[in-house]
Amino acid sequence: RSEDGGAHFVSVADDMPSQAVKVIRFAPSDPDVVYAGTGEPHSKTSIFGMGVYRSEDGGRTWDALPPSGAGWDFRFLAVSGLQVDPEDPETLYVSTANVLPDRVDPFHPPPSAGPPGIYKSEDGGMTWSLKVLAQDYRAYDYAAYDPYLASGYGFVDLELWRANPEVLFAVERSGGIYRSLDAGETWQLVTP
């Protein structure tokens, strides 16, 4: 964290369960509330995540939110996208992707690792509900373009339209763009 425009930094979360942070988002309605999504999807040196972290003092200190619960498990996945509702810092959305076991040595995610998808929380990340399960398109990968045959799957980005926070978009690896018009409750594939 820097308090002088990036001239100097101090480490604030060395004791967290995963040091791989993909995305950090401040709550627009409360700048003291900050969320960080962990894990690195789809890279040659992927490091697994352990869910979402939360800070209530502008990023000075951090707490790990529960990484799993009834119907959701972020352990060994990557949080590829994270959005906070502009009016409610307790409403969050995340997209997840898998971590590539064939590109990471010696780590291999356990077979019980949860499925990638889009999830929503209305209690500050303490619990989550699955809204869209990612499709596995790996059987359609072209070895000539991707020499790693067991390439990853899941969502690679998640965006919220600030002018109308009921509208969200998510991009799925090899699958197209999804859109929600009801604050993440339902999703429709809008591109092939």
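The values are calculated or read from the model by the stated rules, or taken from the named source; none is laboratory data. All figures in this text were calculated on a predicted structure; none of them were measured in a lab. Cβ coordinates were reconstructed from backbone atoms using ideal geometry, including for glycine residues, and neighbour counts include every protein chain displayed. Surface areas here come from the heavy atoms of the whole protein model, side chains and all, with no ligands, DNA or RNA. Shrake-Rupley method; radii C 1.70, N 1.55, O 1.52, S 1.80 Å.
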**Request:** Would you check if Gly59 is open to solvent by less than 30 Å² (accessible area, probe 1.4 Å), without any contact (Cβ under 8 Å) to a residue 60 or more places away in the chain and in a strand (DSSP E or B)?
**Result:** no
**Asked** For segment 1-41, how many residues are without any contact (Cβ under 8 Å) to a residue 60 or more places away in the chain, hydroxyl-bearing (Ser, Thr, Tyr) and not in a loop (DSSP other than H, G, I, E, B)?
**Response** 1
**Prompt:** If we keep just the residues of segment 9-56 that are over 21 Å from Pro67 (Cβ atoms) and aromatic (Phe, Trp, Tyr), which is modelled with the lowest pLDDT?
**Reply:** Phe9
**Request:** Would you check if Phe48 is in contact (Cβ under 8 Å) with a residue 24 or more places away in the chain, of a type in the set (A, V, I, L, M, F, W, C), part of a loop (DSSP other than H, G, I, E, B) and at negative phi?
**Result:** yes
**Prompt:** Can we say Leu160 is open to solvent by 80 Å² or more (accessible area, probe 1.4 Å), within 16 Å of Gly81 (Cβ to Cβ), modelled with pLDDT of 85 or more and under 14 Å from the mean Cα position of the chain (by Cα)?
**Reply:** no
**Asked** Val79: aliphatic (A, V, I, L, M), in a strand (DSSP E or B) and closer than 20 Å to Glu166 by Cα, yes or no?
**Response** no
**Request:** Would you check which residues across segment 168-192 are open to solvent by less than 10 Å² (accessible area, probe 1.4 Å) and either among the β-branched types (Val, Ile, Thr) or part of a strand (DSSP E or B) (or both) and list them?
**Result:** Leu168, Ala170, Glu172, Ser180
**Message:** Tell me whether segment 93-100 contains one or more residues that are modelled with pLDDT under 95 and assigned to a loop (DSSP other than H, G, I, E, B).
**Reply:** yes
**Prompt:** Within the bounds of segment 112-129, is there any residue that is open to solvent by less than 50 Å² (accessible area, probe 1.4 Å), modelled with pLDDT under 75 and within 18 Å of Ser46 (Cα to Cα)?
**Reply:** no
**Request:** For segment 69-91, enumerate the residues that are in contact with an Asp or Glu (Cβ under 8 Å, 6 or more places away or on another chain) and under 17 Å from Pro116 (Cβ atoms).
**Result:** Ala78, Ser80, Gly81, Gln83
